[in-house]
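Written below as structure tokens is the structure these notes are about.
None of the figures in this text is laboratory data; all of them are computed from the coordinates on show. Computed from a predicted structure; not experimentally measured. Positions of Cβ are generated from backbone atoms using ideal geometry, with glycine treated the same way; all protein chains shown enter the neighbour counts.
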There are 2 protein chains.
Amino acid sequence: MSKNAQSSAKSCSNSKQVGCDDCSLNTICMPVSLHVDDIDRLDSIIQRSKPLQKGEFLFRANDPFTSVYAVRSGALKTQLVAENGDEQITGFYLPGEVLGMDGLANNTHTNSVQALETSSVCKIPFERLEELSVTLPTLQRHFLQLMSREITQEQQIVGLLNKKNAESRIASVLLSIAKRNSQRHLSESAFMLPMSRKDLGNFLGLTTETVSRVFSRLQKNGLIAVEQKQVTLLDTPALTLLVAG
Amino acid sequence: MSKNAQSSAKSCSNSKQVGCDDCSLNTICMPVSLHVDDIDRLDSIIQRSKPLQKGEFLFRANDPFTSVYAVRSGALKTQLVAENGDEQITGFYLPGEVLGMDGLANNTHTNSVQALETSSVCKIPFERLEELSVTLPTLQRHFLQLMSREITQEQQIVGLLNKKNAESRIASVLLSIAKRNSQRHLSESAFMLPMSRKDLGNFLGLTTETVSRVFSRLQKNGLIAVEQKQVTLLDTPALTLLVAG
DNA sequence: GCCATAGTTTGATCTAGATCAATATTCTCC
DNA sequence: GGAGAATATTGATCTAGATCAAACTATGGC
């Protein structure tokens, strides 16, 4: 059994055939109070396909927009590619999180989405979702909220990049992952980073070397323990203070 | 007549009582094909109030979310305020542009919005808009697109901050304003910057000094002419190249 | 018109993080 | 299991832009 398959099996708490109503992630991706038969209707439009292997693309920039996607297991990164070829990672997506709304503006995706490890997603065709939304106002509102949250998150990142040094930025990402893990009832103090130092640096506007140095320094100062991709937060209050500072 | 009143009268091509159907900005803020009576229905929910003076707030962070707003004249800035007090400007909004969608996520605004000069806005109560959207799917879709565009714009800014130097960032903002002016059939090579050097620096993650120096350098190299807030783009291709480089 | 205040410009110096470079470690695939 | 390729760490040096400092200029209030 490969390492990827292991980690996939571990992070995917649902078997392939499970529906939304049985999915342990439904409180994250669809935290709306829907009737049982409404959930069934939602469930009926959702397509589940075979998992993406590490490095595989879910879709690419300029692909036509058809659907949004909920992550079921694994982890993915979204990225923009500039004309000159250099890439900007715009986000990391963990189980329960929804991505793909970038494609709505022009019916074409601006981001490419790539699996960081073996990952599976639920594909939600947008036209079907829109039809469903007409009779389910709370579902409609939920999607507006998801998008609004995406906007405010991006704005937070802009603030992070403009106002914070390398240590704050790294601390912020670590705490963000911790928080999202705790929402999935996983450990919020010990976890596997799904992305490389390079990806993390790209996302945060830092070089690989700086990311590595900051990890070493945080470890030396007893705020975290790092062993390859395994990270343990040893002093969350200090990390929180770092982010604020 | 004050300078502000002049610039307001100039940039506001609509008198106070004009409706959406007569508003010269409707191709920007509501570029959806609506029937005449649908426009009237939209028009009927929109509230127009007295202009904001420079420095006045449209709303503040933590205010309850009730409405989104279309800029009719003037210019506004949106900003986040961190716990430690420092501010991050998240956007500048010009006539025809819609703001306030940040409040949808938690029914509370995360941004504060402040007038950079005398400005008037159309207030669009969101609940009324939602009701209207049920029977006007194109209106619904339009709002999703507005929000999607906001997400991709923020992502572009993240890329700008992470990958580009001071000159590129400034050039990028100048070209952005030029483009938005041209959409309003104003000059795209000569315009008044509505924001201070400080605001521009805050937005772009630069100090006032650096903004000032870059302006001087771009002027010395013949790419722009600057006289206080009046900017003239003298070599748009070179500026475009700067942004790409 | 005059003053106070805020905003802008320009110069000198400093520094966080980039860049360059070398080594070490971990994956990958035969 | 081993060769080669990624990926990560650590060190030395360099630099874009910050910071500190000092004029200079526009602007709003009286």
Using a/c under 1.5 as the rounded threshold, could you call chain B rounded, prolate or oblate? The axes a ≥ b ≥ c are square roots of the C-alpha gyration tensor eigenvalues, and prolate needs a/b larger than b/c, oblate otherwise. prolate
Would you mind classifying segment A:139-195 by shape? Square roots of the alpha carbon gyration tensor eigenvalues, ordered a ≥ b ≥ c; an a/c under 1.5 is rounded, otherwise it is prolate if a/b is larger than b/c and oblate if not. oblate
Step through the residues of segment A:110-121 one at a time and calculate ³J(HN,Hα) from phi using the Karplus curve (6.51 cos²θ - 1.76 cosθ + 1.60, θ = phi - 60°), rounding each to whole Hz and writing x for Gly and Pro. 9, 9, 9, 10, 10, 6, 8, 7, 3, 9, 10, 9
Given the pairs A:Lys163/B:Lys54; A:Lys54/B:Lys179; A:Lys220/B:Lys164, which are separated by over 30 angstrom at their Cα positions? A:Lys54/B:Lys179; A:Lys220/B:Lys164
Report the label-to-label distance for A:Val226 and B:Glu227 in nanometres (one decimal), using points 7 Å from each Cα along the Cα→Cβ vector. 5.4
Using the number of other C-beta atoms within 10 angstrom as an exposure proxy, rank B:Lys50, B:Lys198 with the fewest first. B:Lys50, B:Lys198
Classify segment A:70-210 from the C-alpha gyration tensor, please: rounded if a/c falls under 1.5, else prolate or oblate depending on whether a/b exceeds b/c. prolate
If you take the beta carbon distance between A:Glu83 and A:Gln219 as r and set R0 to 30 Å, what does 1/(1 + (r/R0)^6) give as a FRET efficiency, to the nearest 0.05? 0.20
Any chance you could check the Cα centroid distance between segment B:172-245 and segment A:71-92 for me, in angstrom? 29
Inter-probe distance in nm under a simple model that places probes 7 Å from Cα toward Cβ, at A:Ser212 and B:Glu127: 5.8
On a 0 to 90° scale, report how tilted helix A:126-135 is relative to the longest principal axis of chain A, with both axes built from alpha carbons and the result rounded to the nearest 10. 60
Taking every residue of A:142-150, the Cβ atoms of other protein chains inside 10 Å of its Cβ average out to 6
Given H placed 1.01 Å from N in the peptide plane, which residues other than close sequence neighbours of B:Ser67 have an amide H under 5 Å from its amide H? B:Phe126
Could you give the angle, 0 to 90 degrees to the nearest 10, between helix A:137-163's Cα long axis and the longest principal axis of the Cα atoms of chain A? 20
In the Gaussian network model of chain A, springs joining C-alpha atoms below 10 Å, which of A:Ala115, A:Ala190, A:Ala70 carries the largest mean-square fluctuation? A:Ala190
Just to confirm the number: angle between the C-alpha axis of helix A:36-45 and the first principal axis of chain A, 0 to 90 degrees, nearest 10? 80
Which percent of Cα pairs goes in each bin when the distances of the protein assembly as shown are cut into 20 angstrom slices starting at zero? 22, 55, 23, 1
Amide H neighbours of A:Ala190 under 5 Å, counting only residues 5+ apart in sequence or on other chains, H built in-plane at 1.01 Å? A:Leu233
Residues A:Gln47 and B:Asp21, FRET efficiency given R0 of 51 Å [Cβ-Cβ distance, rounded to 0.05]: 0.75
Interchain or long-range residues, amide H under 5 Å from B:Glu56's placed H: B:Ala115
Rounded to the nearest 500, what is chain B's calculated 222 nm mean residue ellipticity when only DSSP H runs of at least 4 contribute -39500 (n - 2.57) each, over all residues? -13500 deg cm²/dmol
Using a cut-off of 13 Å between alpha-carbon atoms, which aspartates and glutamates can reach B:Lys229, once sequence neighbours fewer than 8 places away in the same chain are excluded? B:Glu117, B:Asp199
Using a Gaussian network model of chain A whose springs link C-alpha atoms within less than 10 Å, name the residue from A:Val134, A:Val121, A:Val32 with the highest mean-square fluctuation. A:Val134
So what J values fall out for segment B:62-73 if you push phi through Karplus, 6.51 cos²θ - 1.76 cosθ + 1.60 with θ = phi - 60°, rounded to Hz, Gly and Pro as x? 6, 5, x, 7, 10, 8, 10, 9, 9, 6, 9, 7
